[in-house]
1. Take the conditions at pLDDT below 90 and closer than 29 Å to residue 4 by Cα and apply them to residue 46. Does it pass?
2. In segment 7-41, what count of residues is obtained for those that are of a type in the set (D, E, K, R), in a helix (DSSP H, G or I) and under 30 Å from residue 77 (Cα atoms)?
3. Need the failing condition index for residue 159 against (1) surrounded by 16 or more Cβ atoms within 10 Å (Cβ to Cβ); (2) modelled with pLDDT of 90 or more, just the number.
4. Evaluate segment 165-178: report whether one residue or more is part of a loop (DSSP other than H, G, I, E, B) and either basic (Lys, Arg) or closer than 25 Å to residue 59 by Cβ (or both).
5. Which one of these does residue 47 not meet: (1) within 30 Å of residue 111 (Cβ to Cβ); (2) basic (Lys, Arg); (3) part of a loop (DSSP other than H, G, I, E, B)?
6. I'd like the full set of residues that are of a type in the set (Asp, Glu) and more than 18 Å from residue 120 (Cα to Cα), limited to segment 235-250.
7. For segment 188-221, what are the residues that are over 25 Å from residue 33 (Cβ atoms) and at pLDDT below 90?
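The values are calculated or read from the model by the stated rules, or taken from the named source; none is laboratory data. Everything quoted here is computed from the prediction, not taken from an experiment. Cβ coordinates were reconstructed from backbone atoms using ideal geometry, including for glycine residues, and neighbour counts include every protein chain displayed.
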Amino acid sequence: MFAVLGALVRLASSELPNEVIVFFRNALALLILMPILFRARRSSSIRPGRGMIHFHLFRAATGLGAMYCYFHSLAHMKLAEAVLLSYTSPLFIPIIARVWLREPMGAKVVKAVAVGFAGVVLILKPGLGIFQPVALIALSAAVLASLAMVSIRRMSFHEPPTRIVFYYSLLSTLFSGLPLPWAWQTPGACMFLVLVLMGLVAVAAQIFMTRGYSLAPAGVVVPFMYGTVVFAALIGWFFWGESIDLLTAAGALLVCTAGVISARGKGPATP
């Protein structure tokens, strides 16, 4: 579903500016989630915990920044490459968690991160004359998403999941509405349907992913998540005639392998 979401974002980008697409993505998600959130608030106060509001703001800012970068890269890169670079976040999460939360990094995770960054170098291809500067924007999406994920882990010590989701949905919608006065472009009827479908797919993908992580360990779920790259490559080939070069394919293999190892290797640090 994440591959389909990427394709819908690219399709919308052919007619609409990034600011409008990001706003619709957040506003529609908030609209869809509101009934669920209002039912859940009975068991959890909506008021943020003491000292937690700045974490909610940080989570919204980093998550929204990641979305802007990711959607921009989807519009200007091959679909599979944009998706793949956004999926490098598991390489950054252990590093950020180590610095911010003082979480230990096991030897297996350290090796996985090193392998993953080797894959990133192959994908970016610096110095070969085919490096795309927009690839750094896609990589920035992964870094910002990693910061957002670690902030969720930090907030989870004091905040219930419903409250975290509510404030992210609300704040990201409000923040993404700020550029609209100068970036607004009214979508046509056909494009509006694409945007609605994008919102539905985005929410469904998040729900299914969350459900997957609740039913199985991350080490089991992550390999299936990286299947998104394969589906994105197939969609990009079928609809836009895109192909993947050998260096990118090799880099993808390294990044996916590193992500799986990292997910399965989390635990106490080893000497």
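1. Values: at pLDDT below 90: yes; closer than 29 Å to residue 4 by Cα: no.
In short, no.
2. Looking only at segment 7-41, we keep the residues that are of a type in the set (D, E, K, R), and these are 10, 15, 19, 25, 39, 41.
Remaining after also requiring in a helix (DSSP H, G or I): 10, 19, 25, 39, 41.
Among the residues that remain, those that are also under 30 Å from residue 77 (Cα atoms) are: 10, 19, 25.
Final tally of qualifying residues: 3.
3. The failed condition is (2).
4. So the first thing to find is which residues in segment 165-178 are part of a loop (DSSP other than H, G, I, E, B), and the list is 177-178.
The next check asks that each one be either basic (Lys, Arg) or closer than 25 Å to residue 59 by Cβ (or both); those that pass are 177-178.
Looking through segment 165-178, at least one residue is part of a loop (DSSP other than H, G, I, E, B) and either basic (Lys, Arg) or closer than 25 Å to residue 59 by Cβ (or both).
5. Looking at each condition in turn, residue 47 falls short on (1).
6. Step one: filter segment 235-250 for residues of a type in the set (Asp, Glu), giving 242, 245.
242 - this is the single residue of segment 235-250 that is of a type in the set (Asp, Glu) and more than 18 Å from residue 120 (Cα to Cα).
7. Listed by number, the residues that qualify are 217, 219, 220.
Listed here are the residues, each with its yes/no results for (1) in contact with a Gly (Cβ under 9 Å, 6 or more places away or on another chain); (2) surrounded by fewer than 19 Cβ atoms within 10 Å (Cβ to Cβ); (3) assigned to a loop (DSSP other than H, G, I, E, B).
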| position | (1), (2), (3) |
| --- | --- |
| 3 | yes, no, no |
| 51 | no, yes, yes |
| 62 | no, no, no |
| 69 | no, no, no |
| 72 | no, no, no |
| 80 | yes, no, no |
| 85 | no, no, no |
| 93 | no, no, no |
